[in-house]
Amino acid sequence: MTTPRRVGAETSKTRAALLDSAERLMLSEGYAAVTYRGVASRAGVTSGLVQYYFPTLDDLFLALVRRRTDQTLGVLVEALRTDHPLRALWEFSNNWTAGALIAELTALANHRKKIRAEIAAVGEKVRELTLEALSRSSNDYTVPLGRVPAEVLVFLVTSSPRMVIIEQSVGMSTSHAETIDFVERYLDKVEPRTARESAASRESDT
């Protein structure tokens, strides 16, 4: 009978310090630099100690995702209980460190199924919590915006499809269809197609 391998305690200060080092390494050099040797060098310890706390690199990456989730999701949940849920989401999404880490982890997720599933679960949870908060809010989110600057339109039209593709790559789907439909209906309003163009577009989709 095989003896279970000992793993360092999740509450250990050493483990937390190793995650700090892995996070800084990922932010400065990218996810590919996060190896046992790389983390050990950054933390000033041996590779064996890193592996003691994280038997596989997937364990290390999952711990990074879960720690960042624990640090930020609670803050978002509290903020969503106020009268400004969209503002709370905006401030949550504008956390540069969290955004940079998620970008690296999303790139990594293309090669690691466990990371992909974890990121998708967190992303869907954030969206679910926010949609629930909006449904409870008394704010009127149908207020017209007025003239939208061209710079904003260009950014939304180019970034929205990219984000849908990126999120779909990790298994997310919430809000995608609604967002694409909204943009396409806006385009139909401001740049209506001729009958010939509409027919050609339908043919290209089949």
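Could you tell me whether Ser12 is open to solvent by less than 60 Å² (accessible area, probe 1.4 Å) and either of a type in the set (Ser, Thr, Tyr) or within 21 Å of Arg112 (Cβ to Cβ) (or both)? Break it down stepwise before answering.
Numbers: open to solvent by less than 60 Å² (accessible area, probe 1.4 Å): yes; either of a type in the set (Ser, Thr, Tyr) or within 21 Å of Arg112 (Cβ to Cβ) (or both): yes.
Yes.
Could you tell me whether any residue of the range 101-114 is over 19 Å from the mean Cα position of the chain (by Cα) and open to solvent by 70 Å² or more (accessible area, probe 1.4 Å)? Show your work before the answer.
We begin by selecting, within the range 101-114, every residue over 19 Å from the mean Cα position of the chain (by Cα); these are none.
Within the range 101-114 (the criterion being over 19 Å from the mean Cα position of the chain (by Cα) and open to solvent by 70 Å² or more (accessible area, probe 1.4 Å)), the answer is no, since none of the residues qualifies.
Can you name the condition, by its number, that Ile165 falls short on among (1) of a type outside the set (S, T, N, Q); (2) in a helix (DSSP H, G or I); (3) within 19 Å of Arg68 (Cβ to Cβ)?
For Ile165, the exception is condition (3).
Taking the options Glu23, Glu29, name whichever one is surrounded by 15 or more Cβ atoms within 10 Å (Cβ to Cβ) and on the phi < 0 side of the Ramachandran plot.
Sole residue among the options that is surrounded by 15 or more Cβ atoms within 10 Å (Cβ to Cβ) and on the phi < 0 side of the Ramachandran plot: Glu23.
Here is a check on your reading of the model: is Leu80 among the hydrophobic types (A, V, I, L, M, F, W, C) and out of contact with any helix residue (DSSP H, G or I) (no Cβ under 6 Å at 6 or more places or on another chain)?
Numbers: among the hydrophobic types (A, V, I, L, M, F, W, C): yes; out of contact with any helix residue (DSSP H, G or I) (no Cβ under 6 Å at 6 or more places or on another chain): no.
In short, no.
Suppose we filter the range 149-168 for residues that are open to solvent by less than 50 Å² (accessible area, probe 1.4 Å) and in contact (Cβ under 8 Å) with a residue 12 or more places away in the chain; how many remain? Quick ask: steps written out before the conclusion?
Taking the range 149-168 as the starting set, the residues that turn out to be open to solvent by less than 50 Å² (accessible area, probe 1.4 Å) are 159-160, 164, 167.
So of that shortlist, the ones also in contact (Cβ under 8 Å) with a residue 12 or more places away in the chain come out as 160, 164, 167.
Matching residues across the range 149-168 total 3.
Just the residues that are under 22 Å from Ala120 (Cα atoms) and surrounded by 13 or more Cβ atoms within 10 Å (Cβ to Cβ), please, taken from the range 174-201.
Hits for the range 174-201 are Thr174, Ser175, His176, Thr179, Ile180.
Looking at (1) in contact (Cβ under 8 Å) with a residue 12 or more places away in the chain; (2) open to solvent by 60 Å² or more (accessible area, probe 1.4 Å), which is the only condition Val50 fails?
Result: Val50 passes all but (2).
Name the single residue, out of those in the range 137-148 being free of Cβ contacts under 8 Å to residues at least 40 places away in the same chain and open to solvent by 70 Å² or more (accessible area, probe 1.4 Å), that is nearest to Val77 (Cα to Cα).
Asp140
The values are calculated or read from the model by the stated rules, or taken from the named source; none is laboratory data. Everything numeric in this text was worked out from a predicted model, so none of it was measured. Positions of Cβ are backbone-derived with ideal geometry, glycine not excepted, and every protein chain shown enters the neighbour counts. Ligands, DNA and RNA are stripped out before the accessible areas are found, and what is left, the full protein with its side chains, is counted by its heavy atoms. Shrake-Rupley method; radii C 1.70, N 1.55, O 1.52, S 1.80 Å.
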